[in-house]
Amino acid sequence: MSESRLIELETRQVYQEDLLDDLNKIVAAQQMQIDELSEACKILIDRFNELAEGGLSDGGVASDSPPPHY
């Protein structure tokens, strides 16, 4: 194997390692976003289920109550 071919292969390997490191960082960041979004969805689903089962839990008017008349 010629020296120029060896240098070319080593150079490609270095670029591929850098690319792999960059992709790993991106995947890790995306996983963090997925985890945060999953938690937010869980909170929203729980809140929706609370509202669907019995109205507002913070003392507001239940969704099936008639509107106030002025």
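A short reminder: the numbers here are calculations on the coordinates, not readings from a lab. Everything numeric in this text was worked out from a predicted model, so none of it was measured.
Step through the residues of region 31-47 one at a time and calculate ³J(HN,Hα) from phi using the Karplus curve (6.51 cos²θ - 1.76 cosθ + 1.60, θ = phi - 60°), rounding each to whole Hz and writing x for Gly and Pro.
Coupling constants for region 31-47: 5, 4, 5, 4, 4, 5, 5, 5, 5, 5, 5, 4, 4, 5, 5, 4, 5 Hz.
Just the C-alpha atoms of region 1-51: what Rg/Rh do they give, with Rh taken as the Kirkwood radius?
1.53
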